[in-house]
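Take a look at the structure below.
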Amino acid sequence: MSLRGFKRRHLLTLLDYSSEEVLRILRVSRELKDLYYSGVRTLDILKGRTLMLIFEKPSTRTRVSLEIAALELGMNVIYSNPNELQLGRGEPIKDTIRVLSRYVDAVAARVFKHESLEEMARYGSVPIINALSDRYHPLQALADALTIWEFKERVRGIKLAFLGDGNCNVARSLIVIGSKLGWEVRIVGPRKYWPDQKLIEDVQSDLRRSGGNIVLTEDVEHGVKNVDVVYTDVWVSMGFEAEAEERIRELRRYQVNMEIMRLAGPDAVFMHCLPAKRGQEVTEDVLESERSVVWEQAENRLHTAKAVLSLLLS
Ligand code: CP
Ligand code: NVA
């Protein structure tokens with residue numbers, strides 16, 4: 001496995017990575033996964049380095065996959081929520097990150113405002129990794145692409161329908177990775193929840209290069225017809241709890257249920273970043289069906305996290 005020559009930098013959004021770099025992360029993920037299943041779980045690739053995790057919001061998959069990935073690569077891990085740091089008492093992010101950069105080798109942060117990550121990236125001298133912000137969730141998109149590659153036996157030219165909140169971090173990151181890999185990403189939901197125009201502009205040059213495209217539609221039947229993947233995420237993302245009632249009302253028509261899977265066609269798999277709200281964005285029977293690949297998708301968070309750390313830090 002070659003880890004050399006990958007440009008060391010932050011990972012706030014995959015917009016900053018080329019298609020070749022995204023593919024390289026995915027290839028290394030596959031190699032690390034093969035090693036894992038051949039019994040090689042621990043490697044010395046990053047022995048003695050330290051990863052710091054700072055999470056402003058709860059997390060199961062991101063936190064644990066990053067911690068295990070780091071440990072299996074030989075790293076030490078420190079986890080903290082901001083309230084246990086002086087950040088909670090008002091020490092500026094720019095001061096905190098300059099100090100932490102002198103102690104640790106990388107910081108993964110989950111934040112309410114993407115601008116907090118941008119400030120960390122501006123002042124930090126070690127790689128800052130986005131562990132979810134209000135705008136992007138790049139680690140999730142990488143695991144999603146790996147899962148699609150495994151189930152569809154190709155990673156380019158995928159047709160994916162995302163139902164629900166098309167401007168949430170997960171949908172936006174699928175748009176970004178899809179634009180690198182030549183996917184047709186269909187955002188299916190009320191116009192009010194379509195991704196903002198700035199994002200659509202940001203991905204235009206990648207779409208032209210890769211041959212991908214973005215479809216925005218309110219029409220469920222048209223949106224899901226003949227896709228490879230039906231994807232959804234919660235209607236009320238962390239930080240949007242004040243809008244819960246109106247979101248649940250406005251997005252109700254876009255629930256992924258068996259009828260949607262039937263409209264999508266027999267080859268479509270169901271994906272969800274998890275955690276899922278059964279009975280809202282997805283029904284229990286779809287989530288638990290043969291067509292649901294959510295557990296493999298969650299597992300792939302580990303293998304892709306390992307690839308990201310290995311490539312950015314070795
Ligand atoms: N999918 C995801 O990021 O899950 P967590 O919130 O549990 O990390
Ligand atoms: N869009 C969701 C993703 C959770 C992993 C949220 O931000 O809460």
- Identify, among Ser101, Leu87, Thr217, the residue whose Cα sits farthest towards the positive end of the charge dipole of segment 78-233, taking +1 on the Cβ of Lys and Arg and -1 on the Cβ of Asp and Glu, with the dipole about the Cα centre. Ser101
- Which of these, Leu46, Leu87, Leu117, has the largest mean-square fluctuation under a Gaussian network model of the chain (Cα springs below 10 Å)? Leu87
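With charges only on Cβ, +1 for K and R and -1 for D and E, what is the dipole size of segment 107-175 about its Cα centre, in debye, rounded to 20? If you can, show how the numbers build up before the last one.
Details: 9 positive and 8 negative charges, 41 e Å.
My answer is approximately 200 debye.
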- Query: In debye to the nearest 20, how big a dipole does the chain give about its Cα centre with +1 on each Lys and Arg Cβ and -1 on each Asp and Glu Cβ?
  - Reply: 940 debye
- Item | DSSP bridge pairs, segment 156-314: antiparallel proportion in percent, nearest 5 | 0 percent
- Let a ≥ b ≥ c be the square roots of the eigenvalues of the Cα gyration tensor of segment 63-120; is it rounded (a/c under 1.5), or, if not, prolate (a/b larger than b/c) or oblate? prolate
- Item | Charge dipole (debye, nearest 20) of segment 160-314; +1 at Cβ of Lys and Arg, -1 at Cβ of Asp and Glu | 400 debye
- Item | aspartates and glutamates with Cα under 20 Å of Lys306, excluding same-chain neighbours fewer than 8 positions away | Asp16, Glu20, Glu21, Glu31, Asp34, Asp44, Glu67, Glu72, Asp105, Asp144, Glu150, Glu296
- Query: Residue by residue through segment 99-114, which ³J(HN,Hα) values in whole Hz follow from phi under the Karplus form 6.51 cos²θ - 1.76 cosθ + 1.60 (θ = phi - 60°), with glycine and proline marked x?
  - Reply: 6, 4, 4, 8, 10, 10, 9, 6, 10, 9, 10, 10, 10, 6, 10, 4
- Comparing Leu199, Leu302, Leu146, which has the greatest mean-square fluctuation in the GNM of the chain with Cα pairs linked when under 10 Å apart? Leu199
- Task: Starting from the amide H of Arg186, placed 1.01 Å from N in the peptide plane, find each other amide H under 5 Å away whose residue is 5 or more places distant or on another chain.
- Result: Leu160, Ala161, Phe162, Val215
- Message: Could you work out [θ]222 nm for the chain from helices alone, using -39500 (n - 2.57) per DSSP H run of at least four and dividing by all its residues? Round to the nearest 500 deg cm²/dmol.
- Response: -12500 deg cm²/dmol
- Query: Who wins for biggest fluctuation among Leu132, Leu66, Leu43 in a Gaussian network model of the chain, springs between alpha carbons below 10 Å?
  - Reply: Leu43
- Query: Expressed in nm to one decimal, what extension gain is obtained for the pair Glu20 and Lys225 from 0.36 nm per residue of sequence separation less their Cα-Cα distance?
  - Reply: 70.8 nm
- Message: If R₀ is 41 angstrom, what is the calculated FRET efficiency for the pair Met258 and Lys57, using the beta carbon separation as r and rounding to 0.05?
- Response: 0.80
- Task: List the residues whose amide H sits under 5 Å from the amide H of Ala108, counting only those 5 or more places along or on another chain, with H placed 1.01 Å from N in the peptide plane.
- Result: Met52, Leu53, Ile54, Ile129
- Query: If R0 is 41 Å, what FRET efficiency do you get for Glu284 and Arg102 from their C-beta distance, rounded to 0.05?
  - Reply: 0.25
- Task: Working from Cα positions, state the angle (0 to 90°, nearest 10) between the long axis of helix 61-72 and the longest principal axis of the chain.
- Result: 40 degrees
- Item | Spin-label zone in segment 145-162 - amide nitrogen under 18 Å from a point set 7 Å from the Cα of Arg209 along the C-beta vector | 155-158
- Task: Give the residue from Ala242, Pro275, Ile187 lying farthest towards the positive end of the charge dipole for segment 172-311; charges sit on Cβ (+1 for Lys and Arg, -1 for Asp and Glu) and the dipole is referred to the Cα centre.
- Result: Ile187
- Val282's amide H: which non-local residues (gap 5+, or another chain) put their own amide H closer than 5 Å, with H modeled 1.01 Å from N in plane and none for Pro or chain starts? Val256, Lys277
- Straight-line reach check, Lys192, cutoff 24 Å on alpha carbons, 8 or more apart in-chain or any other chain, hits among lysines -> Lys113, Lys159, Lys225, Lys277
- Would you kindly derive the ³J(HN,Hα) couplings of segment 161-174 from the backbone phi angles with the Karplus curve 6.51 cos²θ - 1.76 cosθ + 1.60 (θ = phi - 60°), listing them in order in whole Hz, with x for Gly and Pro? 9, 9, 9, x, 7, x, 10, 6, 3, 6, 4, 4, 6, 5
- Message: With loop defined by DSSP as not H, G, I, E or B, and exposure as at most 11 other Cβ atoms within 10 Å, which is the longest segment of the chain clear of exposed trypsin sites (Lys or Arg not before Pro)?
- Response: 155-314
- Task: Quick one: what are the phi-derived ³J(HN,Hα) couplings along segment 229-239, Karplus 6.51/-1.76/1.60 with θ = phi - 60°, whole Hz, x for glycine and proline?
- Result: 9, 10, 10, 9, 9, 4, 7, 10, 6, 4, x
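Each reported figure results from applying straightforward, stated rules to the coordinates on display, with no laboratory input. Owing to the predicted nature of the structure, the values given are computational and were not obtained by experimental measurement. Cβ coordinates were reconstructed from backbone atoms using ideal geometry, including for glycine residues, and neighbour counts include every protein chain displayed.
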